[in-house]
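Presented below is the structure to which this report refers.
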Amino acid sequence: MEVADHKAPTLENGQLADENADVLQFMDSMDAYFTLLHSLSSTLRQYQIQGWLELASARHSMGAYRVNTVLLDHTSHSAATTLLVTQDEGKVDSVEPRFTLCKWGSSSNEKFLGEKQSSQDQLHPQLRHRGSTQLSEEKTSSENKASCEIDDQVQKGRSKSLSVFGTLVSPKLRSAQLSFETALETLVEMANARSEMLYAFDKVDKKLGDGKE
Amino acid sequence: MANRAQIPNSNSALIAMIADEDTVVGFLLAGVGNVDLRRNTNYLIVDSKTTVKQIEDAFKEFTTREDIAVVLISQYIANMIRFLVDNYNKPVPAILEIPSKDHPYDPAHDSILSRVKYLFSAESVASGRR
């Protein structure tokens, strides 16, 4: 009887500890989310305001008829800046998406160039037998070449986006473009923080729901 | 709260926008604009002539499209369709309320905060202890 009495409180204590751990995790993630939200909102607003002011300045110098939505490209075209959405593999029973920003197709470019490099390595295995210094120099030069190709791709993407408003655009419009790009990075961070918090919230909410039943 | 279905991994998901002209133009400069073969865009420019119904329809469209991962919506526009935004509970696409030129961000209206508030209400804590 005494053994059974000891077991029952232990089980309850274990469940209580488990629930407390989930609640603490939720509180921590919520604290992190709102702290991040506050700082990111300030950063976002800073870059957005900067972008809005630069846009207004560009409109002033180029003319309102040259910087407006009438000029937007309504023909079929794909977005150059997209998101990579993955699910956290460590959390099988949850839905916590992770967002990664791919600006101007940069992530897809890096992947393509990485695959190209590995296929070249397979075609020329004798490179592995050369001296380490020469190999590292070749690797550095190939990395530099890959980096240059990515930079070219990014610059082409930016120029194409600006070309909607004409061939010669105000430097302020280019600055506005960079400001909004930075704002996008901030927003993706916010999306990830939101996702983490909602995952923790979902766990606590589920526990509360089970407890009420 | 969240659906238990797996999130399909996507390497080219879009960012949708429901915002004023300058905000949309700014993010379009950053390269997020997409127009498909049917000339459907991933953005809605809201001005004084845009009706609440149009905003609602755009929100419903963007949150049901499989190629959209994040929906950016100006908070003052989200307030016009607050019922829809607060009742949205899917992990993807993620809804982010952003400030606009004339309306700074107000955390009190954030849909995530309002969803979390009830956890700390006296009633929910008391019912949990029963």
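Of everything in the stretch B:81-119, what is among the aromatic types (Phe, Trp, Tyr) and closer than 30 Å to B:ASN11 by Cβ? Give them in sequence order.
B:TYR88
Just to be sure I understand the filter: pairs with C-beta atoms under 9 Å, separated by 6 or more residues or on different chains, first member in the stretch B:17-31 and more than 18 Å from A:LYS160 (Cβ to Cβ) and acidic (Asp, Glu), second member modelled with pLDDT of 90 or more and part of a helix (DSSP H, G or I). Which pairs pass?
B:ASP20/B:TYR76; B:ASP20/B:ILE77
Given the criterion at pLDDT 70 or above, in contact with a Ser or Thr (Cβ under 6 Å, 6 or more places away or on another chain), within 22 Å of B:GLY26 (Cβ to Cβ) and not charged (D, E, K, R), identify the matching residue among A:THR186, A:THR182. Spell out how you get there, then give the answer.
Values: A:THR182 fails: in contact with a Ser or Thr (Cβ under 6 Å, 6 or more places away or on another chain).
Of A:THR186, A:THR182, the one residue that is at pLDDT 70 or above, in contact with a Ser or Thr (Cβ under 6 Å, 6 or more places away or on another chain), within 22 Å of B:GLY26 (Cβ to Cβ) and not charged (D, E, K, R) is A:THR186.
So, in the stretch A:46-63, exactly how many residues are crowded, with 17+ Cβ neighbours inside 10 Å and within 8 Å of chain B (Cβ to nearest Cβ)?
4
Mind listing whichever residues of the stretch B:74-88 are in contact with a helix residue (DSSP H, G or I) (Cβ under 8 Å, 6 or more places away or on another chain), surrounded by fewer than 19 Cβ atoms within 10 Å (Cβ to Cβ) and not hydrophobic (A, V, I, L, M, F, W, C)?
Across the stretch B:74-88, the qualifying residues are B:ASN79, B:ARG82, B:ASP86, B:TYR88.
Tally up the residues in the stretch A:162-187 that are hydrophobic (A, V, I, L, M, F, W, C), buried (at least 18 other Cβ atoms within 10 Å of the Cβ) and not in a helix (DSSP H, G or I), please.
1
May I ask you to list the residues in the stretch A:171-191 that are of a type in the set (Lys, Arg) and free of Cβ contacts under 8 Å to residues at least 24 places away in the same chain? So that I can check it myself, show each step before the final result.
Filtering the stretch A:171-191 for residues of a type in the set (Lys, Arg) gives A:172, A:174.
Within the stretch A:171-191, A:ARG174 is the sole residue that qualifies.
Pairs please, first residue from the stretch A:30-41 and in contact (Cβ under 8 Å) with a residue 24 or more places away in the chain, second anywhere and of a type in the set (Lys, Arg), Cβ atoms under 8 Å, 6+ apart in sequence or on different chains.
A:TYR33/A:ARG194
Using the structure shown, decide if B:ARG129 is among the charged types (D, E, K, R), over 27 Å from B:GLY31 (Cβ atoms) and either modelled with pLDDT of 90 or more or out of contact with any strand residue (DSSP E or B) (no Cβ under 7 Å at 6 or more places or on another chain) (or both). Break it down into steps so the answer makes sense when it comes.
Details: among the charged types (D, E, K, R): yes; over 27 Å from B:GLY31 (Cβ atoms): yes; either modelled with pLDDT of 90 or more or out of contact with any strand residue (DSSP E or B) (no Cβ under 7 Å at 6 or more places or on another chain) (or both): yes.
Yes.
The values are calculated or read from the model by the stated rules, or taken from the named source; none is laboratory data. Nothing here was measured: the structure is a model prediction, and the numbers come from that model. Cβ coordinates were reconstructed from backbone atoms using ideal geometry, including for glycine residues, and neighbour counts include every protein chain displayed.
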